[in-house]
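Notes to accompany the following structure.
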Amino acid sequence: MKFSRLLVSFVLAMVLFVFPLSAQAASSSSITRSVGDAEFKGKDFSGQSLIGVEYTNVNLEKANFSNADLRGGVFNGSVLQGANLHGADFSEGIAYLVDFKGADLSDAILTDAMMLRSTFSDVDITGADFTNTILDGIQVKKLCAQASGVNSKTGVKTRESLGCR
């Protein structure tokens, strides 16, 4: 009995060694629409459904995403300086290494998002909802210094969503 198990294991190992199964990784670009290596300065995306779209290393300076549906979207290493995200829904999104300097995030829904290593200088976050969003501690302090308002869709106070004291 022991010998037969050992023999079967050996034969199976040889078959897999001689005829290996092909491994195919599922990259995020194969799952979602991806936009990269392009410049979209000042482009108007307002009111559009952009669910799950990925923007990698894209210059989106002064782009207009007002009232856009960006749920589950990804901004990776992109520039959003002076961008308008007023009323946008970026829930469950990822913004990694993103520069939001001078951006309008007022009344935006940013719940359950991951926004690590992103910077928020001179941003308007009046009425933004950051509930359960992961941010760097330094950025939270910076945002709390100016946090005010209540999100018109979720009814959550910006200060409470950031955990400000």
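Yes or no, residue by residue, for (1) within 17 Å of R71 (Cα to Cα); (2) open to solvent by less than 40 Å² (accessible area, probe 1.4 Å); (3) among the charged types (D, E, K, R); (4) in contact with a helix residue (DSSP H, G or I) (Cβ under 8 Å, 6 or more places away or on another chain):
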site	(1), (2), (3), (4)
G87	yes, yes, no, no
S118	no, yes, no, yes
D122	no, no, yes, no
F130	yes, yes, no, yes
K142	no, no, yes, no
Q146	no, no, no, no
G149	no, yes, no, yes
G155	no, no, no, no
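The numbered conditions (1) of a type outside the set (S, T, N, Q); (2) open to solvent by less than 40 Å² (accessible area, probe 1.4 Å); (3) within 23 Å of L135 (Cα to Cα); (4) modelled with pLDDT of 95 or more are all true for E92 except (2).
For (1) acidic (D, E); (2) under 15 Å from T158 (Cα atoms), each residue gets a yes or a no:
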| residue | (1), (2) |
| --- | --- |
| N57 | no, no |
| A63 | no, no |
| E92 | yes, no |
| K101 | no, no |
| S106 | no, yes |
| I109 | no, yes |
| T119 | no, no |
| V123 | no, yes |
| G127 | no, yes |
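The values are calculated or read from the model by the stated rules, or taken from the named source; none is laboratory data. Quantities reported herein were computed from a predicted structural model and do not represent experimental measurements. Quick reminder, even Gly has a Cβ in these numbers, built from the backbone with ideal geometry, and neighbours come from all protein chains shown. Side chains included, ligands, DNA and RNA excluded: accessible areas come from the protein's heavy atoms. Shrake-Rupley method; radii C 1.70, N 1.55, O 1.52, S 1.80 Å.
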